[in-house]
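Worksheet: the structure to be examined is printed underneath.
Every number here is computed from the coordinates shown, using simple stated rules; none is lab data. This structure is a prediction, so every number in the text was calculated from the model and none was measured. Counting neighbours? That spans all protein chains shown, and the Cβs are built from the backbone with ideal geometry, glycine included.
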Amino acid sequence: VAYVRPSRKIAEVDVASVKKKLKDKGFARAVSRDDILQGAAELGIEQDLHIAHVLADLQASANRLELQV
């Protein structure tokens, strides 16, 4: 999602923007939406919380992953 934002900064990405982009079948085409839902279910957490955890980890690792902060 960060790459399609004007600022291209991972720090500005939030759960709502990820969920909105996931509705677009052309965005991250290779990512299975069912796998995302199943992963959250297997962890016993809501999809929003799962996305928030993944996003927080990406933001914390932004420098190492060479993402703009």
Which residues qualify? For residue 68, with a placed amide H closer than 5 Å and at least 5 residues away or on another chain, they are 10
Where does helix 47-60 land angle-wise versus the long Cα axis of the chain, in degrees 0 to 90, nearest 10? 30 degrees
Go through [x] 12.2, 34; [y] 23.6, 81; [z] 25.4, 71 and flag the label whose value is the computed Rg and Dmax of the Cα atoms in Å for this structure. [x]
Straight distance only, please: which aspartates and glutamates reach the Cα of residue 9 with their own Cα at less than 19 Å, same-chain residues fewer than 8 apart left out? 57, 66
For segment 2-60, give the magnitude of the charge dipole about the Cα centre (Cβ charges: +1 Lys/Arg, -1 Asp/Glu; no others), in debye to the nearest 20. 460 debye
Using a simple spin-label model with points 7 Å from Cα along the Cα→Cβ vector, what separation in nm is obtained for residue 41 and residue 11? 3.8 nm
Potential extension, residue 34-residue 48 segment - 0.36 nm per residue separation minus Cα distance: 3.6 nm
Rounded to the nearest 10, the angle in degrees between the Cα long axis of helix 33-43 and the longest principal axis of the Cα atoms of the chain comes to 70 degrees
Relative contact order, percent, of the chain when contacts are C-alpha pairs under 8 Å separated by at least 6 residues? 40 percent
